[in-house]
Amino acid sequence: MSILRLGWRQAKRIGILVLFVSLVAVLWEYQGRQHQDAYTWQGVPTWEALSLTSFHRVLQNDGYLVGWSDVRVNPLWVSYQVAAVDDSRIGSRPDFRPDWRTLWPVGTDSYSGSGYDRGHLAPNYAIAAVHGRSAQLDTFYMSNMTPQRPNLNRQLWQRLEEAVMDHFAPRFDRLQIITGPIFPEPFMDNVFNRVGLIQVPEAFYKIIVAPHDSAPLALAFIMPQDVRGNEPLDDYLVSIDAIEAQTGLDFFPELNDAVESVLESEIRTEGWALEEVAKKPGRYQ
């Protein structure tokens, strides 16, 4: 009889544990769906073909999502949404902070002496202005950083981020942004091109979509590391298909095939007035 009671107690404990795990999983999935709906459009980016270098985990943050690669020790993509804001005053600049969710430790001093900046992918200013102080703090996780040369990070890339908030966002209700690094291939020939554990990209992409239901508009850019910083933004226009070919990622996987074919294969600047800001100096230049 005592053996039966012991078995019943163990089964009861296991049942409670299974129920608890199931509830946590449901809540996690619900929270994930909320984040995905708020920070993505037409689905979270995924891989075209699963491989060692394309596999990634989705890290949820306040204001943005990260597709994190433990192999490259880098984000493969960052997804967020912005809109025009009337009051763009933001809080003081936070300190950088490590992210316990990354498999390999990336410290706040991991880039020291490397010649590379800790380049934000989800930008401090835009996220803070649209999503608030808590989201701004999250942009200083080291999992949101990637090695960028100073002329790129502080000039050309910063000018593009300014154009998004100051010029493009006021033209549309909201914008979907996906941005990330591009790495040299083949992987094994460049596996040791790293800052500590962090693989160094050769370029960076940014996709900007005005997600109208029937006819979305898109701009896409690839910017290499070795820029001067004062080049016209439109020198770096590409198609979304070109970015997919270089990253192995599939963007907007839930988009209707007919709409996707047009949106991703063409370079179309109509409606963006890009020429008005293509040569505009940055705020800090």
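The values are calculated or read from the model by the stated rules, or taken from the named source; none is laboratory data. If you're wondering where the values come from, they're calculated on a predicted model, not measured in any experiment. A quick note on method: Cβ atoms are made from the backbone with ideal geometry, for glycine too, and the neighbour counts reach across all protein chains shown. Remember, those area values only see protein heavy atoms, side chains included, never the ligands or the DNA or RNA. Shrake-Rupley method; radii C 1.70, N 1.55, O 1.52, S 1.80 Å.
If you filter region 172-190 down to residues that are under 16 Å from residue 219 (Cβ atoms) and of a type outside the set (S, T, N, Q), you find that the one that is surrounded by the most Cβ atoms within 10 Å (Cβ to Cβ) is 178.
For region 26-81, which residues satisfy the criterion of being modelled with pLDDT under 95 and acidic (Asp, Glu)? Answer for region 26-81, where residues must be modelled with pLDDT under 95 and acidic (Asp, Glu): 29, 37, 48. Of the candidates 198, 182, 207, the single residue that is among the aliphatic types (A, V, I, L, M), modelled with pLDDT of 95 or more and over 25 Å from residue 269 (Cα atoms) is 198. Would you confirm, using the coordinates I've provided, whether residue 108 is surrounded by fewer than 22 Cβ atoms within 10 Å (Cβ to Cβ) and either at pLDDT 95 or above or of a type in the set (Phe, Trp, Tyr) (or both)? Judged against the criteria, residue 108 is a match. Listed by first and then second residue, the pairs with beta-carbon distance under 6 Å, at least 6 apart or on different chains, first residue in region 256-280 and within 19 Å of residue 161 (Cα to Cα), second open to solvent by 40 Å² or more (accessible area, probe 1.4 Å), are 271/217; 274/234; 278/234.
Kindly check whether there is at least one residue in region 260-282 that is surrounded by 17 or more Cβ atoms within 10 Å (Cβ to Cβ), farther than 15 Å from residue 48 by Cβ and touching a Phe, Trp or Tyr at 6+ places or on another chain (Cβ under 7 Å). Looking through region 260-282, at least one residue is surrounded by 17 or more Cβ atoms within 10 Å (Cβ to Cβ), farther than 15 Å from residue 48 by Cβ and touching a Phe, Trp or Tyr at 6+ places or on another chain (Cβ under 7 Å). Being farther than 25 Å from residue 278 by Cα and open to solvent by less than 20 Å² (accessible area, probe 1.4 Å) is the filter here; which residues of region 214-250 pass it? Listed by number, the list holds a single entry, 249.
Within region 82-104, the residues that satisfy the criterion of being closer than 30 Å to residue 50 by Cβ, touching a residue at least 40 places away in the same chain (Cβ under 8 Å) and open to solvent by 20 Å² or more (accessible area, probe 1.4 Å) are 98, 101, 104.
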